[in-house]
Structure formats: C-alpha cells, structure tokens
Amino acid sequence: MKLRKIVVAATLAIAGSASLVSTAALAQAKEQYLPVLSYRTGAYAPNGTPTANGIVDYYKLVNERGGINGVKLLVEECETMYDTARSVECYERLKGKNGGATLIHPWATGATFALTEKAAVDKIPLITTGYGRSESADGTIFKWNFPLLGTYWVAADVIVQAIAQKEGGLDKLKGKKIALVYHDSPFGKEPIPLLQERSKMHGFELQLLPVAAPGVEQKATWLQIRQARPDYTLLWGWGVMNSTALKEAQATGYPREKMYGVWWSSAEPDVKDVGQGAKGYNGVTLQHGTDKNAPVIKEILAKLHDKNKGTGPRDEVGETLYLRGVVSAAMGVEGIRAAQERFGKGKVMTGEQVRWGLENLNLTQAKLDALGFKGVLRGPISTSCADHVGAGAARIHTWDGTKWGFTTDWIEADQQIIKPLVKATAAKYATEKKLTPRTPADCQS
C-alpha cells in the first residue's frame, strides 16, 4: 500500500507537495496525528486529487497559523484508488500510529460502510461531509459517524424542491417523470429512499437507472432516457461517469438544464471536458461552490502557494472539490478545537475526546467568518447527540459553459420528511447489529 508521510508543521514545510520523512523525525511533542485516505491514482484520480490537496493545504494552513492552541498537525496520506478493500487496509495500517489516529475522512461511501463498525471498536470518529450513510445523522445509533453539513437525503430533497420551484410548486410535480442515473454502488443507491418517499407524496414517476462503475459505458442508459423522455434527470455519479453522462445527454439531445447532479457530480472535473456542451447543467452544492476569492482561499495562496509550500496546482485552489477538501478538514479541526475547550487547551486530543468535540460543535456565522469561510459556509453549524449533521440547507449552482454560478438562494431540506426516514433506517440498523441506542448519560460523556 502506498503511503506518504507528510509533516505540515510550518517549521518543516518544504516547497511543492508533501515530503517523505522518517517516522523518527515525525515523533515530536504536541502533534495531533491525522491520517488522510486519498486517491490520486486510478479512475477517480481527477476528482480525488483536488479534494486531497484541499485537505492537506488546510492542515498546512492551520500549522502556519500556529496550530490548534499550539498543537501542530501531523499528516500521513495513504493511497486507496477509491477501492474499499484498499481503504480498509489503509485504515488498519494507520489507525494506531503516532499515538493513534484522531479522526478519519474515509472519502468514499463504500469505505464508510466498511469502516463504520471498525471505527466504533477503535474509537475513531469518521467525518463524512456530504457522503456516507444518510441514517448516520442519528448519533444515538451511530456514535462515531459524522455526515457533517449534509447527507445524500438532504441533497436529494433540495434537488426535488429546486425542481418544484422551477415548475411553480410541489403540486406541479404530479404526473412528471424524474429519472435517477446512479453509480451502481452504495453511494449511488443512497438517495433512492428519499426520492421514493417524495414520489409517493407528490405523484411523480421515479425511473431508476443504475450505471456500472466506473461509468464509461452509458449508451444503453441514455437510450432508455431518449425513449422515456423524463421531465428531469438526476445524476448521482463520481469521476468519469459524470462527464460521460453529460456527453451522452448532449448526443441524445437531452436538455442539460433539465439535469441536476449531486454535489459529487457538479464540480469542475465533471464539466470542463464538455464545456459549452454542459451549459445549463445544475448541481446541488454542499453549501459552497467554487470561490477563489474566499478569505480562507486568499490566505492559503498567500501563506502556502506564494511561498512554494502549497499542494497541487495553484490554479485549482478555490475550485469546488479543492474547497470541499478545505471545508472537510476545517470541520475536523474545529472538532479538535471544541474537544480542547473541554479536555484541555494546548493538549493532544484522543479520538474519543475529538468525537465529543464533533458532537458539540457550535460554529456560529461569526466563528465561520473568522476562520475565513465568509460566503462559503452558512452558520450555525451545530451538532448534538441526536444530530451528527449540524446543518441542512444547500444551494443550486449552474454551469454557464465556462464557470459555476449560484442560481438559487438557500433551500432548507424538509426535516419532517428526512428525520422519520433517518430514525426508521437507523433503528433497523440497530436491530440488525444488536445495538442499544445511547442513553442520556452516554450523550453527556
């Protein structure tokens, strides 16, 4: 398994990407160990690389700022190729190093499914910003999972609401046809329960069209779409599947303005090769889109890339997936900071302590703005024992042929639909795994 050990402490930062250093050199006092599961090779590398760059750059930025109350971050990457077995192997290899992993970003829904039970035993929180198990929003069952900022059910619900806005109201969805073109994996299947619920409520026909990974062969799928002519098509893809779908839509003559992608299907790598052919294509965002003028991005450019300390190409800094990595890393850092507030400022936190911090986030708009996320993230982002998401609003951005731009205001996912779905699905998981929901006392610890 390919490993990259990275020291992102300001005193040891070197030009370009992360450097290889010995374990002995890494073993320094007051360092918080943060493994990074990444995929810079394989079919999904064009999408996985910018997210990894964003994570690593934010960790470097935190160290340039002086760490978390003086505690510097120690980072080690492990290449997974977006493969579940490799992800598990990386997790097992890194979890006990350097005093123990503080938290893990699995960076794949399949990996999240595979690691959920392991993390509970190892007491390592999993941060799954905008991916993973939607029912893990329920922290009374999923103590160690944190799908912060939004689940796939939030994404699907916001898309349905955005379509309804375009049509003139939810009642106008009756009799419509909505197709879901999805990656035939746990990731792609995640939105189906929410869409089925909305279909029953509003009377639209839901057509399910799975696509085998990696998604380069979709001609049969788009032949079905050409025959059925759905009023709208949702795209739940990743990597090359997304650009392939847009090219097939163009070839088929399916209007791109009738297409809505999940936040993993609506970034620069998905549309750049299609260009004007993707004009009008919509995507739900995980709060943020592309923002090269955000304060945090300007700070990363000034403190890292201007000094040859940045990770990856400068021109991708601030693009959607890069910013997704930055935002995800920031959620983990703020979990550590919250843990320090309770367990000791300036101390290295354990995974169990960080879990408490992630469950007690209170990121007001003022706090988010102070961290450099003004215009990027909307506060409050507030978690609890019962709520491991912390926020449930999103926006739609649309590709104009050359760039992404927001085309809706904030849309709140309907929790009256989502919460019962979360509760029922989490309860079913608890029954299958013979888990007892957490007690009020456990929620305080």
Can you tell me which residue is nearest to residue 413 (Cα to Cα) among those in segment 191-225 that are of a type in the set (Val, Ile, Thr) and surrounded by 14 or more Cβ atoms within 10 Å (Cβ to Cβ)? 192
Identify, from the list 178, 192, 225, 159, the residue that is outside the structural domain of residue 126 (by TED's automatic domain parsing) and more than 28 Å from the chain's Cα centre (by Cα). 225
Condition check: touching a Ser or Thr at 6+ places or on another chain (Cβ under 9 Å) and of a type in the set (D, E, K, R). Does residue 77 satisfy that? yes
Of all residues in segment 186-207, count the ones that are assigned to a loop (DSSP other than H, G, I, E, B) and either touching a helix residue (DSSP H, G or I) at 6+ places or on another chain (Cβ under 6 Å) or closer than 17 Å to residue 224 by Cβ (or both). 3
Name the residue, out of 408, 402, that is within 30 Å of residue 277 (Cα to Cα), surrounded by fewer than 14 Cβ atoms within 10 Å (Cβ to Cβ) and either β-branched (Val, Ile, Thr) or free of Cβ contacts under 8 Å to residues at least 12 places away in the same chain (or both). 402
Does residue 266 fit the bill of being buried (at least 22 other Cβ atoms within 10 Å of the Cβ) and either in contact with a Lys or Arg (Cβ under 9 Å, 6 or more places away or on another chain) or part of a helix (DSSP H, G or I) (or both)? no
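One line per residue, one yes/no per condition, for (1) in contact with a helix residue (DSSP H, G or I) (Cβ under 8 Å, 6 or more places away or on another chain); (2) closer than 19 Å to residue 51 by Cα:
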{"position": "90", "(1), (2)": "no, yes"}
{"position": "108", "(1), (2)": "yes, yes"}
{"position": "115", "(1), (2)": "yes, no"}
{"position": "118", "(1), (2)": "yes, no"}
Does residue 70 fit the bill of being under 20 Å from residue 240 (Cα atoms) and touching a residue at least 24 places away in the same chain (Cβ under 8 Å)? no
Could you pull out the residue among 196, 227 that is within 26 Å of residue 151 (Cα to Cα) and of a type outside the set (Val, Ile, Thr)? 196
Give the residue, chosen from 408, 398, that is more than 30 Å from residue 423 (Cα to Cα) and not assigned by TED's automatic domain parsing to the domain that holds residue 318. 398
With respect to residue 73, is the statement that it is at pLDDT 95 or above and not in a helix (DSSP H, G or I) true? yes
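Here is a yes/no grid of residues against (1) surrounded by fewer than 16 Cβ atoms within 10 Å (Cβ to Cβ); (2) in contact (Cβ under 8 Å) with a residue 60 or more places away in the chain:
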site	(1), (2)
271	no, yes
277	no, no
282	no, yes
285	no, yes
289	no, yes
296	no, yes
301	no, no
308	yes, yes
312	no, yes
Residue satisfying all of: in segment 226-257; within 16 Å of residue 195 (Cβ to Cβ) and not small (Gly, Ala, Ser); surrounded by the most Cβ atoms within 10 Å (Cβ to Cβ) among these: 236
Just the residues that are part of a loop (DSSP other than H, G, I, E, B), over 13 Å from residue 161 (Cα atoms) and of a type in the set (A, V, I, L, M, F, W, C), please, taken from segment 380-415. 385, 386, 389, 391
Residues in segment 102-123 that are crowded, with 24+ Cβ neighbours inside 10 Å and assigned to a loop (DSSP other than H, G, I, E, B) total 6
Could you tell me whether segment 413-422 includes any residue that is touching a strand residue (DSSP E or B) at 6+ places or on another chain (Cβ under 6 Å), of a type in the set (A, V, I, L, M), touching a residue at least 24 places away in the same chain (Cβ under 8 Å) and under 24 Å from residue 132 (Cα atoms)? no
With the first residue restricted to segment 213-228 and required to be in contact (Cβ under 8 Å) with a residue 60 or more places away in the chain, and the second required to be surrounded by 14 or more Cβ atoms within 10 Å (Cβ to Cβ) and β-branched (Val, Ile, Thr), Cβ contacts under 6 Å at 6 or more apart or on different chains are 214/240
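The values are calculated or read from the model by the stated rules, or taken from the named source; none is laboratory data. Just so we're clear, the structure is a prediction, and the values are computed from it rather than from any experiment. FYI the Cβ positions are ideal-geometry reconstructions off the backbone, even for glycines, and counts take in every protein chain you see.
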